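Data first, discussion second: the structure below is written as structure tokens.
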Amino acid sequence: MTVLALRGARFSYRRLDALGDHTHTVLDGADLTIRAGARLALLGGNGSGKTTLMRLLVGLNRLDAGELELDGERVRDRRADRTRLRQSVQMVLQEPDDQIFATTVRADVSFGPVNLGLDRAEVADRVDEALAALAITDLADRVPHHLSFGQRKRVALAGALAMRPRVLLLDEPTAGLDPLSCEDLLAALESLRAAGAAILMATHDVDLAWAWADDAVVLSGGALVRGPVHRVLQDEGLLAAARLATPWGAAVSRRLGRTVVRPGEV
């Protein structure tokens, strides 16, 4: 079942860089569908617009043209539709300090559920569940900004999990995490996905995308190219155009003539 979709999406913005002031096109008539339980890796070079695309999906930016749909219904610029979108779609930013603001971890994670108007017991249940999923229950009464970077990233993610989203958008979630923390994060995401949530992960880590995702979505030149991850990430022309490296798994798979996902399969 399709939960979230872009139809004929167009979006551009003015950007000032070393070449001067010019218009950068992020989407030029692009379509994207996100189905329940999907594992999607969003890939693209620096400045391609991955974060902007996710901001469009969560309603933080407005499309220049085209439609954003939730459960097959157009999301319009009105309060009821914005509330419906916020209840179903959550985004976790790359920098946790851009998202964390409360004086304790528990207060920060509870902010979303409280603003849904849930009763105290339901809020407490959601917060406890989210903290446990990310193994940070012991941090509940700590001041978030006194925590390590990796711990703060988990706090930001817990705030999204407490909303029990149907679609979770993650901007470089493993950046700055040690290998064990990455494993814990992916395990928590898999539990969420097993419950039916879709996950769209923007990442520069093509090896992570190769091992984790079902489909890859490559953003390049205003277009979205989507397909099974092990096919898309073996397209050398596409990777070169998008300024992406070749995953080790793709290189090994080509040499062996069969798909290799993890090192133990060689």
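Every number here is computed from the coordinates shown, using simple stated rules; none is lab data. Everything numeric here is computed off the predicted structure, so don't read it as measured data. Cβ coordinates were reconstructed from backbone atoms using ideal geometry, including for glycine residues, and neighbour counts include every protein chain displayed.
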Note down the net charge around Ile100, summing +1 for each Lys or Arg and -1 for each Asp or Glu among other residues with Cβ under 10 Å from its Cβ.
-2
Please report the antiparallel percentage of the DSSP beta bridges confined to the chain, to the nearest 5.
60 percent
Taking amide hydrogens as modeled 1.01 Å from N in the peptide plane, which residues meet the under 5 Å criterion relative to Asn61, leaving out close sequence neighbours?
Leu56
Per DSSP H run of n ≥ 4, the term is -39500 (n - 2.57); total these for the chain, divide by its residue number, and report the mean residue ellipticity at 222 nm rounded to 500 deg cm²/dmol.
-10500 deg cm²/dmol
Restricting to bridges with both residues inside segment 106-250, how much of the DSSP beta-bridge set is antiparallel, in percent to the nearest 5?
55 percent
Within a Gaussian network of the chain (alpha carbon springs, distance under 10 Å), most fluctuating of Val217, Val252, Val155:
Val252
Packing-ranked peptide list from 171-183, 53-65, highest mean Cβ count within 10 angstrom first, is 53-65, 171-183
With a cut-off of 8 Å between alpha carbons and a minimum separation of six or more residues, what is the relative contact order of the chain in percent?
24 percent
Protection proxy (average C-beta count within 10 Å per residue), highest first, orders 235-245, 122-132, 72-82, 201-211 as 201-211, 122-132, 235-245, 72-82
Among Thr51, Thr137, Thr23: highest mean-square fluctuation, GNM of the chain, C-alpha pairs under 10 Å
Thr23
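Could you order peptides 185-198, 104-117 by the average number of other Cβ atoms within 10 Å of their residues, highest first?
Peptide ranking by packing, descending: 104-117, 185-198.
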Shape call, the chain: gyration tensor on alpha carbons, a/c limit 1.5:
oblate
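Could you work out the local net charge near Phe11, counting Lys and Arg as +1, Asp and Glu as -1, over the other residues with Cβ closer than 15 Å to its Cβ?
+2
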